[in-house]
Amino acid sequence: MSRGKEVKDLREQMGMNRREFCDYFGIPYRTVQDWESEKRELPEYVLRLMKYRVKAEKMIHREE
């Protein structure tokens, strides 16, 4: 699975729209939009840190 798809899946599991997701992580809207559409590649470590924070704060509303 591509990292862009993983970001979108993580956002959907959290039950957030893109704006809420961006505000939660402090990431510009356009950056997340580009990641999800695979116009830009996010670093693997950023994705791992995002997943870690979500699990630590128990933000996932829908399990995989």
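The values are calculated or read from the model by the stated rules, or taken from the named source; none is laboratory data. The shown structure was predicted, so the numbers you read here are calculated from the model rather than taken from an experiment. All Cβ positions, even for glycine, are placed from backbone atoms using ideal geometry, and neighbour counts span all protein chains on display. Surface areas here come from the heavy atoms of the whole protein model, side chains and all, with no ligands, DNA or RNA. Shrake-Rupley method; radii C 1.70, N 1.55, O 1.52, S 1.80 Å.
Table for the structure above
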| read-out | value |
| --- | --- |
| Mean separation of Cα contacts under 8 Å (6+ apart) over length of the chain, as relative contact order % | 47 percent |
| The chain - convex hull of the alpha-carbon atoms, volume per residue in Å³ | 76 Å³ |
| Where labels lie 7 Å past Cα in the beta-carbon direction, separation of R48 and D34 in nm | 2.3 nm |
| Whole-number accessible area per residue in Å² for the chain, which is evaluated in the context of all protein chains at 1.4 Å | 69 Å² |
| Heavy-atom accessible surface of the chain: percent carbon and sulfur, 1.4 Å | 48 percent |
